[in-house]
Amino acid sequence: MGKRKIQDEQEVIRWFEEGRTYQWMIDEYKRKYGIDTVSSMWGNFRRRRGLDRRIVRNDDLIPWFVKEEHRWAYPLAMLRAEGRHREGKATQDDLNRLASWKEMLEEHNVVVHYDPDTEDGFFYIPRESTDDDIIRRPEKKTTPRLNADR
């Protein structure tokens, strides 16, 4: 049986609790212990120890199936950050970016809208009285997840 790469499990658990990225862990292990690791090792550790998933999925904030070419759009990144914030998993960087972004939404009285049939995909559109969040809700969720409309 090969030598275990994890030197201090409590240290790694603390890193997960702090919201450290897999890339940060890879870099830190190389710097601190001279050990090369890969993302899947950290994901497997998280799963085996029953630690919370790092990805927060919020179908209320992102109720659309987002096309590949739109998946890195800034409004979508901010909706993901807001989802982490609502789950209590936002990083300080998330909070800093969200503060200015949400201020912009409020100042301009706009919400996020997604139209998959356009080049840009995401747009800021004027808020209407029926808008109850930071997005324009579609008539039906199109997320490809089983629980999207429950």
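The values are calculated or read from the model by the stated rules, or taken from the named source; none is laboratory data. Every value quoted in this text rests on a predicted model; they were computed, and no experiment measured them. Glycine also receives a Cβ, built like all others from the backbone with ideal geometry; neighbour counts cover every protein chain displayed. Protein only, heavy atoms only, side chains kept; ligands, DNA and RNA dropped before computing areas. Shrake-Rupley method; radii C 1.70, N 1.55, O 1.52, S 1.80 Å.
Assorted remarks:
- Put a dot 7 Å past the Cα of V38, heading toward its Cβ, do the same for R86, and the two dots end up 3.5 nm apart.
- To the nearest ten degrees, helix 22-33 and the longest principal axis of the Cα atoms of the chain are 20 degrees apart.
- Computed over segment 1-109: relative contact order in percent, which uses C-alpha pairs under 8 Å that are six or more apart: 17 percent
- Residues within the reach of a label modelled at D52 (point 7 angstrom out along Cα to beta-carbon, backbone nitrogen below 13 Å), restricted to segment 69-97, are 83-91.
- Fraction of accessible area attributable to carbon and sulfur, segment 1-62 (%, probe 1.4 Å): 46 percent
- Mean separation of Cα contacts under 8 Å (6+ apart) over length of segment 59-150, as relative contact order %: 35 percent
- With respect to the chain, whose longest principal axis is taken over its alpha-carbon atoms, helix 92-108 is tilted by about 0°.
- Restricting segment 55-85 to trypsin sites (Lys or Arg not before Pro) in coil, as DSSP defines it, with at most 16 other Cβ within 10 Å: R57, K67, R71
- Cα long-axis angle, helix 74-86 against the chain (0 to 90 degrees, to the nearest 10): 70 degrees
- Mean-position separation - Cα centroids, segment 65-80 and segment 95-123, in angstrom: 11 Å
- Remark: the chain carries 67 Å² of accessible area per residue (probe radius 1.4 Å; ligands, DNA and RNA excluded).
- Mean ellipticity per residue at 222 nm, deg cm²/dmol - from DSSP H runs of n ≥ 4 across the chain, formula -39500 (n - 2.57): -13000 deg cm²/dmol
- Accessible heavy-atom area order of V38, V12, highest first, probe of 1.4 Å: V38, V12
- Net charge contributed by nearby residues that have their C-beta within less than 13 Å of Q92 (K/R +1, D/E -1): +1
- In this rough spin-label picture, where each label sits 7 Å from Cα along the Cβ direction, the E106-Y124 distance is 1.4 nm.
- According to the Cα-based calculation, Rg over Rh for segment 1-69 is 1.09, with Rh computed by the Kirkwood formula.
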